[in-house]
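Asks: Please find one structure pasted underneath; my questions will follow.
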Amino acid sequence: MTVYLNGEFLPLEQARVPAMDRGFLFGDGVYEVIPVYSRRPFRLAEHLRRLQASLDGIRLANPHGDAEWSALIDRIVAEGETDDQSVYIQVTRGPMAVRNHAFPKKITPTVFIMGEPLVTPPAEQRERGIAAVSAADFRWLRCDLKVTSLLANCLLRQMAIDAGCVETVLFRDGYLSEGSASNIFMVKDGLLLAPPKNHLMLAGITYDVVLEIAAAHGLPHEVRDIREEEARAAEELWMTSSTKEVLPIVTLDGKPVGTGKPGPVFAQMYGWYQDFKQHVMRHG
Ligand code: PDD
């Protein structure tokens with residue numbers, strides 16, 4: 001696999017980062033995951049805008065303009081083995097001479113890009129639905145930034161895996177925030193509900209797409225704070241992300257969500273999402 005690292009295109013095995021890189025020692029960096037369909041990056045402008053917001057949030061200058069990013073991504077996508085890919089971009093604050101929390105005076109950011117084959121969930125997961133656990137959201141208060149310091153998210157995701165589940169649904173102070181690596185939607189009395197974008201969750205690109213599709217098809221929906229009890233009593237719960245698309249959660253902490261089967265609103269949204277994917281994502 002050919003990857004991009006600091007100005008060079010090279011085989012992944014040859015890509016090396018200094019041990020003093022702040023990304024390695026402090027998790028001091030940001031990232032993006034961009035789905036690519038039929039070799040076309042989906043919502044590139046939106047992903048690059050969110051990358052800029054993450055960089056602004058950690059006070060790191062963007063090493064590239066959008067046109068440069070786009071050219072680098074195009075090259076990685078062209079080199080990739082599959083037509084559908086998941087492009088990963090990472091920018092760290094680069095290497096430092098001595099270990100010091102304070103930013104170095106002169107910064108040379110580390111820029112890394114790779115294109116992995118896009119693996120969407122197996123049909124079985126969307127037909128039968130997935131199991132989730134819940135946990136207290138013990139992450140920091142800037143969950144709106146897509147930063148590489150993902151230890152909390154990794155620990156939270158592993159709770160699901162250890163329980164034989166797929167995702168961990170996070171609640172903070174009695175409210176639904178998101179999943180360990182996804183956004184969460186719920187359905188109540190046929191109404192689609194999503195928590196509002198704020199510093200407690202990542203503004204997912206897929207989250208926006210789902211809300212746009214709901215609006216385009218006249219599906220009643222509302223963006224508002226969701227109380228934990230409401231989420232636990234939902235008729236339907238879904239998780240969304242660039243790589244998982246939309247998946248129905250059918251059990252939460254071992255209890256059935258609604259009927260315990262993927263619900264009718266999910267079935268509708270899944271169909272619309274796939275249509276959208278065929279017509280818009282694949283053809284620009
Ligand atoms: N994660 N919330 C969190 C904490 C996430 O990590 C992600 C995505 C999302 C969904 O965002 P989007 O729809 O833009 O993918 C929400 C990516 C896929 C990852 O870390 O691999």
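The values are calculated or read from the model by the stated rules, or taken from the named source; none is laboratory data. The structure presented is a predicted model; accordingly, all values stated were derived computationally and were not measured. When we count neighbours, we look across all protein chains shown, and the Cβ atoms used for this are built from the backbone with ideal geometry, even at glycine. Each accessible area value is taken on the protein alone, full model and side chains, heavy atoms only, with ligands, DNA and RNA left out. Shrake-Rupley method; radii C 1.70, N 1.55, O 1.52, S 1.80 Å.
Asks: For the chain, take the longest principal axis of its alpha carbons; what is the angle in degrees between that and the long axis of helix 66-79, to the nearest 10 within 0 to 90?
Replies: 80 degrees
Asks: Here is a follow-up. Please report the projected area of the range 52-166's Cα convex hull averaged over all directions, in nm².
Replies: Quarter of the Cα hull surface area: 10.3 nm².
Asks: Can you give me the solvent accessible area of Cys154 with a 1.4 Å probe, rounded to the nearest 10 Å²?
Replies: The value for Cys154 is about 80 Å².
Asks: Still on this structure: Based on Cβ point charges of +1 for Lys and Arg and -1 for Asp and Glu, what charge dipole magnitude is obtained for the range 169-284 about its Cα centre, in debye rounded to the nearest 20? List each step's numbers first, then the result.
Replies: Values: 11 positive and 15 negative charges, 55 e Å.
The calculated dipole for the range 169-284 is roughly 260 debye.
Asks: Then there's this: For helix 205-216, report the angle its Cα long axis makes with the longest principal axis of the Cα atoms of the chain; keep it between 0 and 90° and round to the nearest 10°.
Replies: It works out to around 40 degrees.
Asks: What residue among Gly129, Gly115, Gly174 shows peak mean-square fluctuation when the chain is described by a Gaussian network model with Cα springs under 10 Å?
Replies: Maximum fluctuation in the GNM of the chain, among the listed residues, is at Gly174.
Asks: Which of the lysines could be linked to Lys106 by a straight reach, that is with a Cα gap under 19 Å, when you skip same-chain ones fewer than 8 residues away?
Replies: Qualifying lysines at Cα under 19 Å: none.
Asks: In the structure shown, do any of Lys197/Lys277; Lys146/Lys255; Lys188/Lys244; Lys188/Lys255; Lys146/Lys188; Lys146/Lys261 have a Cα-Cα gap over 27 Å, and if so which?
Replies: Violating the 27 Å Cα-Cα cut-off are Lys146/Lys255; Lys146/Lys188; Lys146/Lys261.
Asks: Can I ask one more? So what is the relative contact order for the range 96-180, in percent, with contacts set as C-alpha pairs under 8 Å and at least six apart?
Replies: Worked out over the range 96-180, it gives 27 percent.
Asks: Show me the chymotrypsin sites (Phe, Trp or Tyr not before Pro) within the range 131-176 that DSSP assigns to loop and that have at most 16 other Cβ atoms within 10 Å of their Cβ.
Replies: Phe138, Trp140
Asks: For Ile249, what residues show an amide H to amide H distance below 5 Å, using hydrogens built from the backbone and excluding near sequence neighbours?
Replies: Hits under the 5 Å cutoff: Ile130, Leu237, Trp238, Met239.
Asks: With a ≥ b ≥ c the root eigenvalues of the C-alpha gyration tensor of the range 137-194, is it rounded (a/c under 1.5), prolate (a/b larger than b/c) or oblate?
Replies: oblate
Asks: Let me ask you something else. Semi-axes of the equivalent ellipsoid of the range 2-117: what are they in whole Å, largest first, if each equals the square root of 5 times a C-alpha gyration tensor eigenvalue?
Replies: Working from the Cα gyration tensor, I get semi-axes of 25, 16, 10 Å.
Asks: Next question, about the same structure. Taking all protein chains in place and a 1.4 Å probe, what share, in percent, of the accessible surface of the chain do carbon and sulfur account for?
Replies: That share works out to 55 percent.
Asks: Please check the chain for the longest run free of trypsin sites (Lys or Arg not before Pro) that are loop-located per DSSP (anything but H, G, I, E, B) and have at most 14 other Cβ atoms within 10 Å.
Replies: Result, exposed sites excluded: 143-223.
Asks: To the nearest µm²/s, what D does Stokes-Einstein give for the range 123-281 at 10 °C and 1.306 mPa s, using the Kirkwood radius over alpha carbon pairs as Rh? Walk me through the numbers on the way to the answer.
Replies: Working: Rh = 15.5 Å.
Using the Kirkwood radius from Cα pairs, D works out to 102 µm²/s.
Asks: Still on this structure, please answer the following. For Ser177, enumerate residues with amide H under 5 Å from its amide H, sequence gap 5+ or separate chain, H modeled in the peptide plane.
Replies: Leu170, Phe171, Arg172
Asks: Please state the charge dipole magnitude for the chain, taken about the Cα centre, from unit charges on C-beta atoms (+1 on K and R, -1 on D and E), reported in debye and rounded to the nearest 20.
Replies: With only Lys, Arg, Asp and Glu charged at Cβ, the dipole is about 720 debye.
Asks: What order do Ser177, Ser149 take when sorted by accessible area (1.4 Å probe), most exposed first?
Replies: These residues rank, largest area first, as Ser149, Ser177.
Asks: Under a Cβ-only charge scheme (Lys and Arg +1, Asp and Glu -1), can you give me the dipole magnitude of the range 2-117 about the Cα centre, in debye to the nearest 20? Could the numbers behind the result be given before it?
Replies: On the way: 13 positive and 15 negative charges, 133 e Å.
It comes to approximately 640 debye.
Asks: For the range 82-138 and the range 200-225, write down the distance between their C-alpha centroids in whole Å.
Replies: For the range 82-138 versus the range 200-225, the Cα centre distance is 23 Å.
Asks: Using the Kirkwood radius over C-alpha pairs as Rh, can you work out the diffusion coefficient of the chain via Stokes-Einstein at 10 °C, viscosity 1.306 mPa s, in µm² per second? The partial results should precede the final answer.
Replies: Details: Rh = 19.8 Å.
Translational diffusion coefficient: 80 µm²/s.
Asks: Still on this model: So, taking all protein chains as they sit and a 1.4 Å probe, how much accessible area belongs to Leu51, in Å² rounded to tens?
Replies: Accessible area, nearest 10 Å²: 0 Å².
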